[in-house]
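Notes follow once the structure below has been shown.
The values are calculated or read from the model by the stated rules, or taken from the named source; none is laboratory data. None of these values were measured; they are calculated from a predicted model. Ideal geometry is used to build each Cβ from the backbone, glycine not excepted, and the neighbour counts take in all protein chains shown.
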């Protein structure tokens, strides 16, 4: 019974000490700690790592991955995965370029909306196939990854849209800052906070955790699993669409190959951020921190002049560590649950 | 994983559905192409016209498109049927199946820009055994594997002109870095080698230091990140040379949106259409290239000359290259097309590629 | 109860009839149809060159599909296979360039790389009990990263020409590559393991239910461990093959192969849920998708359409059974309703 309602082995206590204790036990702490440690060590070796331009670059680099990670986290929490986000991002990015080409006077907020709707539609295709066919999302999104990429390549051909083709205000979103933070990064922060609050406080958000922990129990509990999972894919698609529009603003060119290979990086970021691949645990905040960590590693390595070839290997070690920590934590929690239940008997 | 929850009846239909789908797809596709074949006329060994296949390093590359456009014009003039075959990513292992396809179709001339000088060798050998003539262009293969190499410009000139431009812009002294494409691309490595030799030997460049070479793999994102990396690791960097159109465009994009705009010089080989906005906003003062269309055009004529037996790719051979006149084959089977062009704010609007 | 009412008892099909009408057979029929249709409609398809080129191109996928099928049947997955191949290629390049050993020793040590990587995967998955999807995503990055660290941006090229020619040589004038003999041996080995040994039958049980399998006495941990070692070894053999075929060692040899292998294995009848599949089916699946792609390419279908075809086949092959099951269920229920109505009408009470 208690499993479906949430995993808190001890009764909520109001003493400050236990509040601090549970803060430190939060899944986000290891990854946040790793990020802080990384930044400190790098700055010690190369103080220019925290120069204004460099910090701005760090934030800009992380923005797109953060948004993608938030979307992916939603899907992974429900015990699914979406491997097609790279192709979706490419389609939306190229679509944005096309939109500016075809309708140059279009107000920018409308372009964002169009991108998110496009992404949501593609996400809905994934969601519909997964819920209707009852086949693991791994296989479905593997197929749609190919299909979407094929559609993009035949649509785009060798055409590319360059940043010079877009309105200058659009490109400026990636350059202008608001109190030192680039505008698109602020967008990412808003997304993280909004989705994080939703997942924590709103019923349909918490349902996603239930579905990921035990889909059958969730169904018996009255949660309409298919609807929620479909919604998760649609949301992930919309967020990927948002990332696609931002991509067009930030980078020089978009074309047929845009977004290739992103999916595994994003899944890595989410896993490192404490979201278990088997679903049911983790937060979007953790996923966002994971995304920041992974995108900072690359810059860190170049700043400290470490051979950047180590980057992939380090990412691999981080993923494995995250999984191992997750296993230890959940084993301990399971043991506590058993002990508590035995005690209550 | 969950307990198995399928019913048996599904599997039978899955196989049948799959088979039906595969069959349908094959029929439709081959039906379409069979229809298309009638229109296209005979090709290959059926007494019809000869065929030429262009194999660039990768498709979806604006520079490549211009080259291929010139190649197709050339093929039309020599009366060959042409086609373009290539992978979507610039890697040798992706290129090989297309070499094999051209071989299988009994193509008379294969024009190839190699992603790796050696990896494509064995398949080119097989093509030669099947009777094809091999023309390398843009990026050479190992000379053993091709009959002739068409080079856009004298390789050394390309290297020198970029050094000249960067030296002018940084005032003859300071640290510079090179942002290249892939680590194995033959043309890149040749140019870099000449640049390094020139930096060592020429007294005018005595105060210029080459501090780094990084590789963007002709991928826009990677090149962008490599540029970031360069600027954060080498604070005193005064200039960047990027002898690849993807690299220089990505680097320009980064510089133009950062604090380094105008402070760090950027030059290299770029396409006028891609670089125009950066020249106009001052990120890039001057860069170089040549007319890529000529490259493809001459390659087509070289192929015809080989097939007709006019030349064998030996030093001293000359062949007719249509509008480009007579081209002479130099040392090592290399033929040069023409001199490079410098692009800057004065002339950039005159070009459309 | 309704089963006996609504469906006539199905006589179990025996021997050859069973094999010729089984699900795997359908894949092979489709393959034969594709080959026949292509030979007539696609120019240049019907030649010994096709056999050679096609087989050399699909050998890496065919080889890795063997252990991958076993892994998926036992309801695990291994995404790190392409990275193991890349790491092996990188190690092979560096050893050949720097160590001065002869090529046989170099190849032997390179294959050991696969053993180590597979054992690492196996250790994490069985001893530490971590989910294989997550672990192999991690090792995918780790091994590829190590490959980069080992060899950097460089490629090593000057392998002995005789080896390269041997790898590409064909049997007489049939066009069949000589290395197919080794490939067939490996396929046979895996077929025997899966279909004719208790270990193999145990894998099916593992795929259905880990707990039930261990109750029956199957060593879950040990079986899975050796499966992953097997995947590692075959992946590194493929790495060696690719290096010799391309005459070039580099960390990016084989990138992206893992998804093609999984797609082909699933198309070949292995269920992603585990517990179902066969080697002949998988071989058929790999050949079908390889031949279809090859024929379409030769028929000048653009590369982009090929990607869409691959993706669509994958989606159709897993969605279709669900739709078919849904349809069958609907039919069955309507028949049951009809019968029940017929039984209650004359007044008999249903218990």
(request) Report yes if residue C:259 is within 7 Å of another protein chain (Cβ to nearest Cβ), modelled with pLDDT under 80 and over 18 Å from residue C:55 (Cα atoms), otherwise no. (result) yes
(message) Kindly evaluate residue B:90 against the criterion of being surrounded by 22 or more Cβ atoms within 10 Å (Cβ to Cβ), out of contact with any strand residue (DSSP E or B) (no Cβ under 8 Å at 6 or more places or on another chain) and either more than 9 Å from chain C (Cβ to nearest Cβ) or assigned to a helix (DSSP H, G or I) (or both).
(response) yes
(message) One residue is enough: does the range B:235-253 have a residue meeting the conditions assigned by TED's automatic domain parsing to the domain that holds residue B:270, surrounded by fewer than 19 Cβ atoms within 10 Å (Cβ to Cβ) and in a helix (DSSP H, G or I)?
(response) no
(message) Looking at C:305, C:320, can you tell me which residue is over 21 Å from the mean Cα position of the chain (by Cα) and more than 20 Å from residue C:76 (Cα to Cα)?
(response) C:305
(request) Report, by residue number, each residue of the range B:316-353 that is part of a loop (DSSP other than H, G, I, E, B), more than 21 Å from residue B:161 (Cα to Cα) and in contact with a strand residue (DSSP E or B) (Cβ under 6 Å, 6 or more places away or on another chain). (result) B:317, B:321
(message) As an exercise: evaluate residue B:227 against (1) more than 9 Å from every other protein chain (Cβ to nearest Cβ); (2) closer than 21 Å to residue B:152 by Cβ; (3) in contact with a helix residue (DSSP H, G or I) (Cβ under 7 Å, 6 or more places away or on another chain); (4) buried (at least 19 other Cβ atoms within 10 Å of the Cβ) and give the number of the one condition it does not meet.
(response) (2)
(request) Exactly one condition in (1) in a helix (DSSP H, G or I); (2) farther than 21 Å from residue B:296 by Cβ; (3) over 19 Å from the mean Cα position of the chain (by Cα) is not met by residue B:127; state its number. (result) (2)
(message) Considering only the range C:73-90, I want to know if a residue exists there that is over 20 Å from residue C:144 (Cα atoms), crowded, with 21+ Cβ neighbours inside 10 Å and within 11 Å of the chain's Cα centre (by Cα).
(response) yes
(message) Any residue at all in the range C:231-241 that's in a helix (DSSP H, G or I), within 14 Å of chain B (Cβ to nearest Cβ) and closer than 15 Å to residue C:76 by Cβ?
(response) no
(message) Between C:46, C:65, which is more than 28 Å from residue C:203 (Cα to Cα) and more than 10 Å from chain B (Cβ to nearest Cβ)?
(response) C:46
(request) Return the total of residues in the range A:258-274 being modelled with pLDDT of 90 or more and either in a loop (DSSP other than H, G, I, E, B) or surrounded by fewer than 24 Cβ atoms within 10 Å (Cβ to Cβ) (or both). (result) 0
(message) If I go through the range C:146-204 residue by residue, how many of them are under 30 Å from residue C:224 (Cα atoms), more than 26 Å from the chain's Cα centre (by Cα) and in contact (Cβ under 8 Å) with a residue 40 or more places away in the chain?
(response) 2
(request) Scan the range A:269-295 for residues that are within 12 Å of another protein chain (Cβ to nearest Cβ) and within 23 Å of residue A:55 (Cα to Cα) and report the count. (result) 5
(message) Being closer than 18 Å to residue C:32 by Cα, touching a helix residue (DSSP H, G or I) at 6+ places or on another chain (Cβ under 9 Å), free of Cβ contacts under 8 Å to residues at least 60 places away in the same chain and within 14 Å of chain A (Cβ to nearest Cβ) is true for just one of C:293, C:310. Which residue is that?
(response) C:293
(request) Need at least 2 residues that are more than 17 Å from the chain's Cα centre (by Cα) and away from chain C (no Cβ under 14 Å) per element, so show me which helices (runs of 4 or more DSSP H) inside the range A:125-216 make the cut, counting only ones lying wholly within it. (result) A:168-172, A:183-201, A:203-213
(message) When you check residue B:150 against the structure, is it touching a residue at least 24 places away in the same chain (Cβ under 8 Å), buried (at least 24 other Cβ atoms within 10 Å of the Cβ), assigned to a strand (DSSP E or B) and at negative phi, yes or no?
(response) yes
(request) Within the range A:59-112, work out how many residues are out of contact with any helix residue (DSSP H, G or I) (no Cβ under 8 Å at 6 or more places or on another chain), part of a helix (DSSP H, G or I) and either more than 17 Å from residue A:171 (Cα to Cα) or touching a residue at least 12 places away in the same chain (Cβ under 8 Å) (or both). (result) 2
(message) Please pick out the residue among A:323, A:314, A:292, A:297 that is surrounded by 24 or more Cβ atoms within 10 Å (Cβ to Cβ), touching a residue at least 12 places away in the same chain (Cβ under 8 Å) and assigned to a helix (DSSP H, G or I).
(response) A:292
(request) All but one of (1) touching a residue at least 12 places away in the same chain (Cβ under 8 Å); (2) surrounded by fewer than 24 Cβ atoms within 10 Å (Cβ to Cβ); (3) not in a helix (DSSP H, G or I) hold for residue C:101, so report the exception by its number. (result) (1)
(message) If I ask for residues that are within 14 Å of residue C:243 (Cβ to Cβ) and crowded, with 16+ Cβ neighbours inside 10 Å, which ones from the range C:164-179 would you list?
(response) C:164, C:167, C:168, C:179
(request) Tell me, please, whether a residue that is more than 25 Å from residue B:352 (Cα to Cα), at pLDDT below 80, part of a helix (DSSP H, G or I) and facing another protein chain (nearest Cβ under 10 Å) can be found in the range B:38-47. (result) yes
